Amino acid sequence: MTVLVGRNAPDFKASAVLANGEIISDYHFAERTKGKEALVFFYPLDFTFVCPTELIALDKRMAEFQARNVEVIAVSIDSQFTHAAWRNTPINKGGIGAVKYTMVADVNHSICQAYGIEHPTASVAFRAAVLVDATGLVRSEIINDLPIGRDIDEILRLIDAIQFANKHGEVCPAGWQKGEKAMKPTSEGVSTYLSDNADVL
């Protein structure tokens, strides 16, 4: 297992269900994400328990991801047809509804293995959120065990931090939120920041 942060995100081609419900056989990650940030959002299985809460929460924040020019790709080992069936199942019947992001079919497990997040005994993906910047570099990985759902707002915060650091060359301290003061990556910058903010960390 390899930590991907600081490395290029593994490319992949696979069948998928697009945001408009269209099923395609040739979704190409590198092409679809060229020039934009990406969230690769791994989850274990369709029609399960924690998974729909995460995927619905993700869908409810799609306007936030789109405003940040982030391509969102959900990945599990289910087929594209199972993905489509889950999208077509009402939320009150255990479905996720017509989510507004791509759902990729990793039926041969090659994607979760390339990203190093396949569960060692359950043979499904861990709950991994991999953030990739516009150059294709992985900047953050959040990996949770199967029973533990993720916080989508924290993922948005991390995207804001990545975009801010890339644009301004400053670094984002603990708990940094968009619009707050950041830190210059120098000894003086640290001293200045801590003098003003240590009490609220």
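Which condition number in (1) out of contact with any Pro (no Cβ under 6 Å at 6 or more places or on another chain); (2) surrounded by 16 or more Cβ atoms within 10 Å (Cβ to Cβ); (3) at pLDDT 95 or above; (4) of a type in the set (A, V, I, L, M, F, W, C) is the one that residue 124 fails?
(1) is the only condition that residue 124 fails.
Which residues, counting only those in segment 128-153, are crowded, with 16+ Cβ neighbours inside 10 Å and charged (D, E, K, R)?
Once the filter is applied, which keeps residues that are crowded, with 16+ Cβ neighbours inside 10 Å and charged (D, E, K, R), segment 128-153 yields 133, 139, 141, 150.
Taking the criterion of being under 11 Å from the mean Cα position of the chain (by Cα) and at pLDDT 95 or above, would at least one residue in segment 142-149 satisfy it?
yes
One residue is enough: does segment 16-29 have a residue meeting the conditions small (Gly, Ala, Ser), closer than 16 Å to residue 111 by Cα and surrounded by 16 or more Cβ atoms within 10 Å (Cβ to Cβ)?
Filtering segment 16-29 down to residues small (Gly, Ala, Ser) leaves 16, 19, 21, 25.
Now narrow it down to the ones that are closer than 16 Å to residue 111 by Cα: 16, 25.
When the remaining residues are screened for being surrounded by 16 or more Cβ atoms within 10 Å (Cβ to Cβ), the result is 16.
Yes, segment 16-29 contains a residue that is small (Gly, Ala, Ser), closer than 16 Å to residue 111 by Cα and surrounded by 16 or more Cβ atoms within 10 Å (Cβ to Cβ).
Mind listing whichever residues of segment 54-76 are surrounded by fewer than 22 Cβ atoms within 10 Å (Cβ to Cβ) and within 19 Å of residue 117 (Cβ to Cβ)?
Those that are surrounded by fewer than 22 Cβ atoms within 10 Å (Cβ to Cβ) and within 19 Å of residue 117 (Cβ to Cβ): 54, 71.
Name every residue in segment 87-101 that is out of contact with any Cys (no Cβ under 9 Å at 6 or more places or on another chain) and surrounded by 22 or more Cβ atoms within 10 Å (Cβ to Cβ), in order of residue number.
99
Counting only residues that are in contact (Cβ under 8 Å) with a residue 12 or more places away in the chain and surrounded by 16 or more Cβ atoms within 10 Å (Cβ to Cβ), how many does segment 166-183 have?
6
The values are calculated or read from the model by the stated rules, or taken from the named source; none is laboratory data. Fair warning: this is a prediction, and the values are worked out from it, not measured in the lab. So basically every Cβ, Gly included, is an ideal-geometry build from the backbone, and we count neighbours across all protein chains shown.
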